[in-house]
Amino acid sequence: MLDNLEKFTKLKRRTAGIINIDPLQRGGILTPEAKDAVLEWADGYSICDFCTGAMDKIQNPPIKSFIHEVLPEFLDVDQVRVVHGAREGKFAAMHALCKRGSCVVADGNAHYTTLLAAELSGLKVERTPVSSEPEYKIDPEGYRVTIERAIDLGDEVDLAVLTYPDGNYGNLADAKKVSQICHDLDVPLMLNGAYSVGRMPISARDLGADVIVGSGHKSMASCGPIGVLGARDEYAEKIFRRSQLVPNKELELLGCTLRGAGLLTMMASFSHVVERTKHWDDEVQKARWFSDRMESLGIILQGVRPHNHDLMFFKSDVLYEISNTAKKGRYFLYRDLKKRNIFGIKPGLTKQFKLSTYLLSREDLQTVADSLEDIIATYTKT
């Protein structure tokens, strides 16, 4: 095996000219400045040459001001650190704030990594109700019911988590109401903003979030894996506490997190990220326009309406019916879209799938809709 390693040296990914509608990638596509930063800082622990013991204190490149001044202002929260991803941020917060054996209350649409973070922290998880299809809605009052039920059963609820928006349907629950309910019951709230921080305006303070996490590679035009973790001072004191054995290192972060290109790409893209959040209303209107066009083809949007996010989940009986007779079976859609330079719907999905319209032009989205219309017409005729 070690005599034939050439295949590992030719790792090409054709992206020129494609229309990418993958929700995981739309908000993470690198800016030209970030691509330059990758080449400049890709070697190993590149920024460690400038470290005197604490990564977040490096002044050249200006990591210290980015982490301790720029990011807290952007998220409107007291303290922020850069972590390996939103999931690592959730785990650090849970591990620091919750007693082992206590309970975390999460929304019924919570990402699986919320459950993993709780499990690895030795916590129980209770989930709030979700309404039936097609809305899959989270009612803020579900937090009151779920927290009080857990307490009645003898559990200590140390933290609540709201996914904002959820990663399946793009639903944005009423975070302010959720935080009010949680605080009435003396439970801190963590906001999972993997699909919001960096895409849309977010104020942790205004939403009432005590802790907030975001994803750089999903939503902040950064080379991943990378994320951000912010907290109010009261909770930051626990999450970012220092080691007793190595006093200049923060324990929950295992001392240092991003030590190379990922952090520098986030910094290089950041002015673009700040600017694009100012145009979020345009992105929402574009998503609604596209979903209307999809529904005219019999591809039906799921989730709360009016839809308020670029991430969308569709159900499509018409494409599923085609997959039952098409020569390529359920892979026909992926392959037919690929021929038209459209990527992002996972291979084998026809009955239901997710996509994102974020930062795509209306012309590109028109191409996607026209292509789907053409594919349906072609198979319907045969």
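The values are calculated or read from the model by the stated rules, or taken from the named source; none is laboratory data. Since this is a predicted model, take the numbers as computed values, not measurements. Note that each Cβ is placed from the backbone with ideal geometry, even for glycine, and that neighbours are counted across all protein chains shown.
Points to keep in mind about this one:
- Qualifying residue in the stretch 155-176 (condition: surrounded by 23 or more Cβ atoms within 10 Å (Cβ to Cβ), farther than 20 Å from Thr128 by Cα, small (Gly, Ala, Ser) and under 18 Å from the mean Cα position of the chain (by Cα)): no
- Members of the stretch 40-52 found to be assigned to a helix (DSSP H, G or I) and either assigned by TED's automatic domain parsing to the domain that holds Leu359 or within 11 Å of Cys223 (Cβ to Cβ) (or both), listed by number: Trp41
- Taking the stretch 178-285 and the helices (runs of 4 or more DSSP H) fully enclosed by it, the elements with 1 or more residues that are of a type outside the set (A, V, I, L, M, F, W, C) and free of Cβ contacts under 8 Å to residues at least 24 places away in the same chain are at 233-239, 261-277.
- When residues in the stretch 311-348 are screened for being under 23 Å from Gly193 (Cα atoms) and in contact with a Gly (Cβ under 7 Å, 6 or more places away or on another chain), 3 of them pass.
- Subset of the stretch 53-76 [assigned to a helix (DSSP H, G or I) and of a type in the set (Gly, Ala, Ser)]: Ser65
- Glu141 vs. criteria of a type outside the set (S, T, N, Q), at pLDDT 95 or above and over 22 Å from the mean Cα position of the chain (by Cα): yes
- From the list Lys354, Lys328, Lys315, the one residue that fits, being at pLDDT below 95 and not assigned by TED's automatic domain parsing to the domain that holds Leu75, is Lys328.
- Number of the exception - Lys137 against (1) in contact (Cβ under 8 Å) with a residue 60 or more places away in the chain; (2) in contact with a helix residue (DSSP H, G or I) (Cβ under 9 Å, 6 or more places away or on another chain): (2)
- Pairs with Cβ under 6 Å, 6+ apart, first in the stretch 41-62 and touching a residue at least 60 places away in the same chain (Cβ under 8 Å), second loosely packed, with under 12 Cβ neighbours inside 10 Å: Gly53/Asn248; Ala54/Asn248
- Flag if Asp49 is on the phi > 0 side of the Ramachandran plot and acidic (Asp, Glu): no
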